[in-house]
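Visitor: First the structure, then my questions, so here it is.
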Amino acid sequence: GGQLVAYTGDDQEATYLAAARKQGIAIRPPHVNLSVVGYTVDVASNAIRKGLTTVKGVGIKVAEELVLHAPYESLDDLAKRVNARRVTGAANLRKGHSPDACGGIIAALNAAGAFKDLNPTTKESAA
């Protein structure tokens, strides 16, 4: 996933991330509102944010679709705005299923923690 892989290959990605951790650089997980396609560096907070393509099953086209419509107010908002043909599981999310029960990309993003602190519905986030 991400630009580190583009330059190093999957085998060396973990090595580079481990080296960054040893130097006190925080490695943050991918997030639908904070990540882009590849890795990003936040110099101010001394951190690297993993890109959406680091999530198993999320390719460049899916990551671009998610980034295009971000930020999302809620899971409900995400489900309504992304192309459900590209982001598998979004149709089930629209039907009210929990992200882990949606399957596809939605379940993979959920397992990776990419929805952390995102409310299920916009109504709840306004309450």
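Readers should treat all values here as calculations from the given coordinates under stated rules, not as data from a laboratory. Since this is a predicted model, take the numbers as computed values, not measurements. For neighbour counting, all protein chains shown are included, and Cβ atoms are generated from backbone atoms with ideal geometry for every residue, glycine included.
Visitor: Would you please put 71-78, 18-25 in order of how densely packed they are, using the mean number of other Cβ atoms within 10 angstrom per residue and starting with the highest?
Guide: 71-78, 18-25
Visitor: Around Ile25, under 13 Å between beta carbons, what's the net of Lys plus Arg minus Asp minus Glu among the other residues?
Guide: With Lys, Arg at +1 and Asp, Glu at -1, the net is +4.
Visitor: Please give the length that would be gained between Ile27 and Val43 if that part of the chain were fully extended, namely 0.36 nm times their separation in residues minus their C-alpha to C-alpha distance (nm, one decimal).
Guide: The span from Ile27 to Val43 would gain 4.5 nm if fully extended.
Visitor: Give me, ordered by chain and number, the residues 5 or more places off Asn119 or on other chains with an amide H under 5 Å from its own placed amide H.
Guide: Amide H to amide H, under 5 Å and 5 or more residues apart or across chains, Asn119 pairs with Leu75.
Visitor: Only four residue types carry charge here, +1 at the Cβ of Lys and Arg and -1 at the Cβ of Asp and Glu. Report the dipole size of the chain about the Cα centre in Debye, rounded to the nearest 20.
Guide: Charge dipole, the chain, about its Cα centre: 140 debye, nearest 20.
Visitor: Nearest 10 degrees is fine. How inclined is helix 10-22 to the longest principal axis of the chain, computing both from alpha carbons?
Guide: 80
Visitor: Additional query: Using alpha-carbon pairs under 8 Å, 6+ residues apart, how would you state the relative contact order of the chain in percent?
Guide: For the chain, the relative contact order is 22 percent.
Visitor: Moving on to the next point. Please report the net charge: other residues with Cβ closer than 13 Å to the Cβ of Asp42, K and R +1, D and E -1.
Guide: Summing Lys and Arg as +1 and Asp and Glu as -1 gives +3.
Visitor: Also, quick follow-up: So if R0 is 30 Å, what FRET efficiency would Arg94 and Gln12 give, r being the distance between their Cβ atoms, rounded to the nearest 0.05?
Guide: That pair, Arg94 with Gln12, gives E of 0.15.
Visitor: Shape call for the chain from the C-alpha gyration tensor, a ≥ b ≥ c root eigenvalues: rounded (a/c under 1.5), prolate (a/b greater than b/c) or oblate?
Guide: prolate
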